[in-house]
Structures are given as C-alpha cells and as structure tokens.
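Here is the structure we will look at.
What follows draws every value from the coordinates through simple rules; no lab data is involved. Keep in mind the model is a prediction, meaning the values are calculated, not measured. Methodologically, a virtual Cβ is constructed for each residue, glycine included, from the backbone with ideal geometry; neighbour enumeration extends over all protein chains shown.
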Amino acid sequence: MTGILSNSQIIEFMNSQAIGRIGCHSNNKTYIVPITYVADGNNIYCHAVEGLKIEIMRNNPAVCFEVDSIHDL
C-alpha cells in the first residue's frame, strides 16, 4: 500500500523501526548502506565509524535516508 503519511504517522513509523539506509554521493561515487538509527520526532541519529560513508558525507552532506517496513514477502 502506498499513500501520504501525516507527520504523526511518520514519527510513529520511524520510532517503530531500527534499520534504515543512508544514500550519499560524492566524486562520481554513489554509496547506499544500511545503518541502525533512533529517531526523536525531529532528528534521526546514527552511529558510524570512520570510513567511506563518513568521507563521502563530509564531501557532500546532502544525503537521503530510507526506511522500509516489509510485513510479508
């Protein structure tokens, strides 16, 4: 099912999940990586060690974040 979520539905959904994906791009390289997160309603907090995704995000801080909820294959 697809549709438009209200702000409260988005917050509820984000708080019900723990794994998302960060998509970032710099120097002709696109990198999509799963990451654990927590959300507080206004922000998404992730923890990462130094590596490729941190380097790419420092070069281009414009990133996307995606979370899926799959109930049944």
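Give me the residue from region 1-28 that is of a type in the set (S, T, N, Q) and not in a helix (DSSP H, G or I) and, out of that set, nearest to Phe65 (Cα to Cα). Per the stated criteria, the residue is Gln17.
May I ask you to list the residues in region 57-73 that are out of contact with any helix residue (DSSP H, G or I) (no Cβ under 8 Å at 6 or more places or on another chain) and more than 12 Å from Arg21 (Cα to Cα)? Met57, Arg58, Asn59, Asn60, Pro61, Ala62, Ile70, His71, Asp72, Leu73, listed by residue number.
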